[in-house]
Amino acid sequence: MTAGVRVKLCGLSGAADAVAAAFAGADYLGFVLAQGRRQVAAHDAALAMAAVRQAYEMERESAAQAVLVMVDPTLDEAQRALEVSGARHIQLAGDETPELCDLLRTRTGCTVWKAWGVRGTDDDRRIADYVGAVDALMFDTHRGGARGGTGIAFDWRALGPLRPLYGETPVVIAGGLTPENVADLLALHRPFAVDVSSGIEEDGRKDPEKMRLFVQRVRSFRMNEANHEQGSVTDVPG
């Protein structure tokens, strides 16, 4: 993939979605445990990942990896969801404190991604509090009480001033990404990963062709932009 850029296809509703996302080439499969139209249970995520492994006929470590998306869980709730699902990655999309994020990592050994809605104001400086307490920061669109899945992009230029605040912490970028605009994002930034949900849907359902096209656009960006050598404000070690 482009400079190691990984792809997370999120908001998967079950085994069929998960298998389609894995075959599309996704690195991470996102399962939303928080309330909303894309909500599934931890047990559903476990069944979906079992279907992926069966479809691939390969070991767990070789397949795409599950990411649980939760909003303001207690430590015990998060730990239980990880145990039931078998996932080793969790994305926290609420008002979780750095202390809770770090304690969850310590207690479970999982990787923690902390979602942050980019405001373009001094409030964004609070991301510095999470450095060292999480494994990745996810930058998403800030829109009222929404916790992701808005289908609306934020101003990607707002990430430039934030670079000194998060340093080498891996970055995931979400919010309004589609197969049509992800190359525009990658022309500006080199995140650890990109995340998409509504941008790979048709009439509110995941579309296997849009999944495939999104991953293809990420993978083909370097080939299409072979002469692009400009550094990125969100580069992370490969």
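Looking at A133, A153, A87, just one residue is in contact with a Pro (Cβ under 6 Å, 6 or more places away or on another chain), in a loop (DSSP other than H, G, I, E, B) and among the hydrophobic types (A, V, I, L, M, F, W, C), and that residue is A133.
Listed by first and then second residue, the pairs linking a residue in the stretch 176-192 that is at positive phi to a residue that is buried (at least 19 other Cβ atoms within 10 Å of the Cβ) and assigned to a helix (DSSP H, G or I), with Cβ atoms under 9 Å apart and 6 or more places separating them unless they lie on different chains, are G176/S198; G176/G199. The lone criterion from (1) in contact (Cβ under 8 Å) with a residue 60 or more places away in the chain; (2) of a type in the set (A, V, I, L, M); (3) buried (at least 20 other Cβ atoms within 10 Å of the Cβ) left unmet by V71 is number (3). The sole residue among E99, E61 that is modelled with pLDDT under 95, over 22 Å from F154 (Cβ atoms) and not polar (S, T, N, Q) is E61. Of A20, A51, A63, A45, all but one fail to be farther than 23 Å from A115 by Cβ, more than 15 Å from the chain's Cα centre (by Cα) and buried (at least 21 other Cβ atoms within 10 Å of the Cβ); the exception is A20. Residues considered: G25, G4, G86, G109. Of these, the only one that is at positive phi, in contact (Cβ under 8 Å) with a residue 12 or more places away in the chain and in contact with a Gly (Cβ under 6 Å, 6 or more places away or on another chain) is G4. I'd like to know if the stretch 224-236 contains one or more residues that are on the phi < 0 side of the Ramachandran plot, surrounded by 23 or more Cβ atoms within 10 Å (Cβ to Cβ) and either of a type in the set (S, T, N, Q) or modelled with pLDDT under 95 (or both). Yes.
Per the listing V67, V32, V5, the residue uniquely modelled with pLDDT under 95 and within 27 Å of V131 (Cβ to Cβ) is V5. Being in a helix (DSSP H, G or I), surrounded by fewer than 18 Cβ atoms within 10 Å (Cβ to Cβ) and touching a residue at least 24 places away in the same chain (Cβ under 8 Å): is that true of R80 here? Against the criterion (in a helix (DSSP H, G or I), surrounded by fewer than 18 Cβ atoms within 10 Å (Cβ to Cβ) and touching a residue at least 24 places away in the same chain (Cβ under 8 Å)), R80 qualifies.
Output yes when any residue across the stretch 35-57 is closer than 19 Å to L137 by Cα, aliphatic (A, V, I, L, M) and outside any helix (DSSP H, G or I), and no when none is. Checked against the condition, which is being closer than 19 Å to L137 by Cα, aliphatic (A, V, I, L, M) and outside any helix (DSSP H, G or I), the stretch 35-57 yields no hits at all.
Looking across the stretch 95-119 at every residue that is among the small types (G, A, S) and surrounded by 13 or more Cβ atoms within 10 Å (Cβ to Cβ), the one that is nearest to V194 (Cα to Cα) is identified as A115.
Residues that are within 17 Å of G11 (Cα to Cα) and crowded, with 22+ Cβ neighbours inside 10 Å within the stretch 181-198 comprise A193, V194, D195, V196, S197, listed in sequence order.
The values are calculated or read from the model by the stated rules, or taken from the named source; none is laboratory data. What you are looking at is a predicted structure, and each value in this text was computed from that prediction instead of being measured. Please note: Cβ atoms are built from the backbone with ideal geometry, for glycine as well, and neighbour counts cover all protein chains shown.
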